[in-house]
Structures are given as C-alpha cells and as structure tokens.
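The values are calculated or read from the model by the stated rules, or taken from the named source; none is laboratory data. This one's a predicted model, so the numbers in the text were calculated from it and none came from an experiment. For neighbour counting, all protein chains shown are included, and Cβ atoms are generated from backbone atoms with ideal geometry for every residue, glycine included.
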Amino acid sequence: MKQDVIIIGAGVIGLATAEQLLLQGVKVTLIERNEIGLESSWAGGGILSPLCPWDYSDDVNRLSHYSAQLFPQWTSNLYKASGIDPEYLISGMKILSFVDKKIIENWCLQYPTKIKYLATSHTDTHLNKKHYPGYRDQENNSSILMPDIAQVRNPRLLKSLHIRVLQLGGKIIENCVVNQINIRNHNVHSLTTAQGQIFADYYVVSAGAWSKALLGPHALGIEIKPIKGQMLLFKFNEPPITNIMIKDNVYMIPRQDGHLLVGSTIEDVGFNKEITITARNTLMKKAREILPLLDKMPIIKQWAGLRPATKKNSPYIGRHSTLSNLFMNAGHFRYGIVMAPASAEILANEITNHSQKIDISPYQPGSAFRTELQ
C-alpha cells in the first residue's frame, strides 16, 4: 500500500492536517493506535484561547490568536459538509482571580482583544440566576471578562472532522500501532505496524503525548511528555452560567444543553490515565468556591487525558531536522483544539510548498535540534 502522505495519529491535529492535505489534492492515510480522537483531543474542554493568555509566550499566543480567527469559517464548513455541528459558540471567558491590569493591557496592545473590567458588584451578571440562584460574588477583587472568547464541543468537532476526511477520500486505519520507523538514506522508507508494512512519500507524526516515544532515537531535541489532566462533568436542566469561568487555574465551561465541565488538574505522572479521588476532591472544592450550588449536584462523569507537553508549551510543526520526508505536528499541550486549524494549515503548506501566512520559524522541529546543539 502506497500513499502520498501517512499521518500517525488521528486526534484533532491529525484529522485537521489530513483535511487540509486532502483539500490540496494529496492522498492521505491516517494511522491511529486506538480509536479516532479518544485521547487528549476528546478529553479537553474546547476553550479557544489559552486560559490566561498573558501568562504564555508570544509563540503560543501568536499561533492561538491566528488559529482562533479561523474557527468560525472552519466549523461552519465542517457543519455544512458533515451534518455534525461542532457547536462553535462565543460564550466569553471570565477570569475571577485578581490579575495585574498593566500586564493585561500590555498584552492587549500586541494581541488586540476586548477586555472588560467588572467590579465586585457586577461579577454575577453572567449567571443564569433565574434558574440557579446561589452564585457567590468574588472577594474584593475585580474580575475580567473577555467577551469574544469562544468554545467548541470537542467530541462533535472530532466526529465532524472524521466524516469530512472520509468524504474527501482519506483513509483511516484504527487500532494500528506503529512499532518502528524504518530509515534508509536519511529518509523514512516505511513503517512497521501491527497491520504490516506501510509505505508513503511523506510521513507526519501527530501522535500527541506518544510522539517522542514513537520517534525513539530520531527525536533529536524534540521534547514531548505526557501531562495528565482530570475533569468533572455535571448536568443541569439549563446552563447555570453563561460564560467560561476561571479562578486559580480551575475553569468551568457551560454547554448549551446544560452540561458543565470543570477542569483540570496538571499531573506529571507519565502515561498514567487513572482517575483519582484526590483530583475529584480538589476540583470540587475549587469549583464550589465559584458555584456553591454544585454541592447539590452529582458528578456525572470523571475522566483523564494525557496532554502532549513541551518545555515552552509550544508545538513542533514542520520538517524533521534530519529526515527529509518526515514532518511533525505535535506537542500542543493544552491547546491542541484551538491551534488545530492553523497548525494543519502550516503543516500542509510545508508539505505542498505553499506560502505561509504567519511566521512559522518558532515551531520548526529543526530549530529545536539546533538549540540543543548550541
């Protein structure tokens, strides 16, 4: 079997990359070690912004900011083509913890974004009090509302992308572990998989937290490791809040059908996806500080995902430093969803030699290798 491009990993990054390549006429096969999109892509919350973006590097902000602008058209096209609505929704994001206004204002000069400062007496204006009284005003600090921040519903986005890739002629092989990357003359010659040898002209590693392990001795400065995040799910008759809310690194995401997500932990425990009582209790304690009515609500579900973390929280997108037909699109940490359309666009343009719309040099895998050698 020979394909133009083999993509290893069928999470949101792999699927979005496949879609972009297929739209440019490339023949694509995705290989997934489990089932499509059931790792960190499914497990995340779908906030289309870093949680407190001024706390992140320019590399993270530049890619996230550009990518978020692609979502309205991207999700609209996916909905029309697949019939599955990714539920793109501008819900706004409210940050309840006290922050330095000067830092925020300096960030806004570089990344123009609407910001509203809300006095304590107005912190509850975005609560659905008609149905859910009992919201606790924050202490004497102001809160910050970013009214234009949006969200998507991860599972629905993944289903929509899955259908779209198949519509465009892409092939997906699930439950197919890649055991070895076979090298010949500074090129990837083939992949040895659980379902036999697979050959292509080009190969893309989009295997999330497993990307470095997959590369083995060919990682060459690429540092990606799993960081576990646990989340809780509640169900209300109607959304109890209208904004995404963040306080002390815990966030709440209201869905339109009344589901409420609470997340998430940051745990450096290797490839361990077990859920824990400790995480549940920690998240519940902090969530109740924001929304006391959760005391009376049962937890519908608890789950964990493994984020692909890098040293600078910035992904690797582009050609491998020494293997000329191998490309990377991995290491997006907590922001694989928001960065997906831009990352896919960048990687597809790299393979097909199209011009880029933003500076991609900070994300090149080769720059990581050179940095390690200096």
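Numbers below:
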quantity	calculated
Single match in I337, I299, I351 (criterion: more than 19 Å from P53 (Cα to Cα) and in a helix (DSSP H, G or I))	I351
Answer from F327, F333 - the residue that is within 22 Å of the chain's Cα centre (by Cα), of a type in the set (F, W, Y) and farther than 27 Å from A200 by Cα	F333
Where a residue in region 273-285 is over 14 Å from D248 (Cβ atoms) and at pLDDT 95 or above and its partner, wherever it lies, is among the aromatic types (F, W, Y) and surrounded by 10 or more Cβ atoms within 10 Å (Cβ to Cβ), with Cβ under 7 Å and at least six apart	I275/W303
Some residue of region 193-208 being surrounded by fewer than 19 Cβ atoms within 10 Å (Cβ to Cβ) and of a type in the set (V, I, T)	yes
Counted residues, region 39-64 - those being under 22 Å from S97 (Cβ atoms) and assigned to a helix (DSSP H, G or I)	6
Index of the failed condition, V188 passing every other in (1) surrounded by fewer than 19 Cβ atoms within 10 Å (Cβ to Cβ); (2) within 26 Å of A309 (Cβ to Cβ)	(1)
Residue count, region 104-116 (criterion: surrounded by 12 or more Cβ atoms within 10 Å (Cβ to Cβ) and part of a helix (DSSP H, G or I))	4
Only listed residue being without any contact (Cβ under 8 Å) to a residue 12 or more places away in the chain, touching a Lys or Arg at 6+ places or on another chain (Cβ under 8 Å) and not β-branched (V, I, T), chosen from A213, A209, A219	A219
Filtered residues of region 165-214 (kept if in contact with a Leu (Cβ under 8 Å, 6 or more places away or on another chain) and in a helix (DSSP H, G or I))	V165, G208, A209
Candidates A10, A81, A16 - the one that is within 27 Å of S190 (Cα to Cα) and in a helix (DSSP H, G or I)	A16
